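The values are calculated or read from the model by the stated rules, or taken from the named source; none is laboratory data. Please read all numbers here as calculations on a predicted model, not as lab measurements. When we count neighbours, we look across all protein chains shown, and the Cβ atoms used for this are built from the backbone with ideal geometry, even at glycine. Note: accessible area is taken over every heavy atom of the protein model, side chains too, but ligands, DNA and RNA are not part of it. Shrake-Rupley method; radii C 1.70, N 1.55, O 1.52, S 1.80 Å.
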Amino acid sequence: MSKNSKVLNLKDKISGNEVDLSLCNLTEVPVRELALFPKVTVVDLSCNNITSLPPEFCNLTHLVKVDLSKNQLTGLPDDLGNLVNLQHLDLYNNKLTNLPVSFSQLRSLKWLDLKDNPLELGLAKAAGDCLDEKQCKQCATKVLQHMRAIQEEVDHAREKRLLREKELERKREAKQREREAREREARKREKAEEKEKRRKEYNAQKAALAAQEQQKKKSEEKKKKNGQAADKKVAVESKPKPRRSVIGLIFKLLLLLLVGLAGVAAVCHLTDLQKEAFCLPINAAVDDGLSWAKEQQIVLRQLVQNLSTAAKEFLESTQTSKN
């Protein structure tokens, strides 16, 4: 069956503000088709094989009366409370055990039939027998009260759960803050320790450089003093050295010259070369020197004799004067 044929059939079943879909062997509610007719406020879906209502059924907020008796419903949508205009609800002879908590929001509900459903004990007690109009109205009132109490319990439980979750969240946040605070403190302490370590290393390096500089300065001063002392010592010691070395050199030269002259004189005086022309003046000089030395020897001998005589006379005069 196509969608258009369904709509056509639905139109055929509408009479005023009512649509009769009973005994149509339906297994599901034609929600989309019903939504196309917002003026339809009364829907009869009784005596079908409907096992559940789709969530979209709760969007048909224009419904005032719904008959779902003699179906196979095992449950109702959680958002059934959105049907705020619903006044009459027939759920006779289904397989319902409980109602959704949102049922308590059906504030316009005036009539309710829950007979021949395997309801849980508390809901069955609230629903009663619903054998006449009065009892069905009482059923609506008592079931709404019962569901509101359940709603309150659910809300209270939800509040407790939310409070518990908030408390757990608060504790988690507190633990997280505490953990973050510990981590920050640990990082701060590590940074402080690292900074102190770097400061000590810097001070140690600075002290080592200062000690090294001081040692270098002392070493330089010591070298300078030693250098000055060495320079003074060298200056003091080196001053006479050139003199001694020059005198020694002159003395050696003179000695060599004398030895050479003596050698030449010996050669010219004692060898056959004495008759040579270059030896004549040398021999003459040697002879003159020897003559002069003999004369000086005589003079020296006379001088010694005179001194001896004078000394003798001086001693004799001294002894005479003492006597």
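Brief remarks follow.
- Gained length - Leu163 relative to Ala210, 0.36 nm times residue gap less alpha-carbon distance: 10.1 nm
- Antiparallel bridges, percent of DSSP beta bridges restricted to the range 15-118 (to nearest 5): 10 percent
- Gain on full stretching of the segment that runs from Asn85 to Leu300 - 0.36 nm per residue minus C-alpha separation: 59.6 nm
- Neighbourhood charge, 11 Å Cβ-Cβ cut-off, centred on Glu185 and excluding it, Lys, Arg +1 and Asp, Glu -1: +3
- Surface accessible to a 1.4 Å probe, per residue, for the residues of the range 1-139, Å²: 53 Å²
- Relative to the current alpha-carbon distance between Leu315 and Val154, full extension at 0.36 nm per residue lengthens the span by 41.5 nm.
- Ile50, Ile150, Ile298, ranked by accessible area, largest first (probe 1.4 Å): Ile298, Ile150, Ile50
- With kT/(6 pi eta Rh) evaluated at 10 °C and eta = 1.306 mPa s, and Rh the Kirkwood radius from Cα pairs, the range 53-154 diffuses with a coefficient of 120 µm²/s according to Stokes-Einstein.
- Local electrostatic count at Lys218 - Lys and Arg +1, Asp and Glu -1, tallied over other residues with Cβ under 11 Å: +3
- Each part reduced to its alpha carbon centroid, the range 9-52 and the range 144-207 end up 58 Å apart.
- Whole-percent carbon and sulfur share, accessible surface of the range 140-200, 1.4 Å: 49 percent
- A 1.4 Å probe, protein heavy atoms only, puts the accessible area of Leu53 near 20 Å².
- Projected label points at Glu133 and Asp12, each 7 Å from Cα along the beta carbon direction, are separated by 3.4 nanometres.
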